[in-house]
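The values are calculated or read from the model by the stated rules, or taken from the named source; none is laboratory data. These numbers were taken from a predicted model, which means no experiment stands behind them. Neighbour counts are summed over all protein chains in view; Cβ atoms, including those assigned to glycine, are modelled from backbone coordinates with ideal geometry.
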């Protein structure tokens, strides 16, 4: 399979376009990663809330355990510490929930930023590039076969601008029907040149 044309202007244009497509994808992926990291910073308060809540819950549970050892009234004194520790754990859970929400938001927005530009490349540029590769590979095979040159000439008759066809011969279709070798060769060369291939 041919990746680039034989002729310089077409090959240079293809190479530059390929570089631009790769750079386009790279820049949008980097932009998506930057946005993801930026949004992830919103999770810092949730991390602090989780850490503070978890630490407070542990300290209150520890204090409740020590107070619970006081004879006679220990069990009654432990209840407020237990309730306060549960409230602190709820605060830590809220911090975790906020972090999860921020993580989901960061992932969703960064993917939304990246998907459309990459879809432009995948559904716009890539099919055209692959189509040229298939056409160039087929033309490369056809140019070495006599019947293939005739098919290339027929394609040139069907697709090339009339001004170019008129330069080959005033009645180019009649010359092609009569299998005039110079007309067939000129038409085949015209088709190959339009693909950026050598004759």
_Can you find a residue that is at pLDDT 85 or above, out of contact with any strand residue (DSSP E or B) (no Cβ under 9 Å at 6 or more places or on another chain), in the same structural domain as residue 23 (by TED's automatic domain parsing) and within 23 Å of residue 24 (Cα to Cα) anywhere in the range 96-107?_
yes
Residue 147 fails exactly one of (1) in the same structural domain as residue 2 (by TED's automatic domain parsing); (2) more than 41 Å from the chain's Cα centre (by Cα), namely (1)
Among (1) in contact with a helix residue (DSSP H, G or I) (Cβ under 8 Å, 6 or more places away or on another chain); (2) modelled with pLDDT under 90; (3) closer than 30 Å to residue 22 by Cα, residue 138 falls short only on (1)
So, first residue in contact (Cβ under 8 Å) with a residue 40 or more places away in the chain in the range 160-180, second residue outside any loop (DSSP other than H, G, I, E, B) and surrounded by 11 or more Cβ atoms within 10 Å (Cβ to Cβ), Cβ within less than 9 Å, six or more apart or across chains; the pairs are none
inquiry  = Given the criteria surrounded by 17 or more Cβ atoms within 10 Å (Cβ to Cβ) and assigned by TED's automatic domain parsing to the domain that holds residue 22, does residue 110 qualify?
reply    = yes
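Check the range 61-79 and report whether any residue there is free of Cβ contacts under 8 Å to residues at least 40 places away in the same chain, on the phi > 0 side of the Ramachandran plot and not in a helix (DSSP H, G or I).
Here is the first cut: in the range 61-79, the ones free of Cβ contacts under 8 Å to residues at least 40 places away in the same chain are 61-79.
Those left that are additionally on the phi > 0 side of the Ramachandran plot: 72.
The next check asks that each one be not in a helix (DSSP H, G or I); those that pass are 72.
Checking the range 61-79: at least one residue is free of Cβ contacts under 8 Å to residues at least 40 places away in the same chain, on the phi > 0 side of the Ramachandran plot and not in a helix (DSSP H, G or I).
Determine whether residue 116 is modelled with pLDDT under 90 and surrounded by fewer than 14 Cβ atoms within 10 Å (Cβ to Cβ).
On the way: modelled with pLDDT under 90: no; surrounded by fewer than 14 Cβ atoms within 10 Å (Cβ to Cβ): yes.
So residue 116 fails the test.
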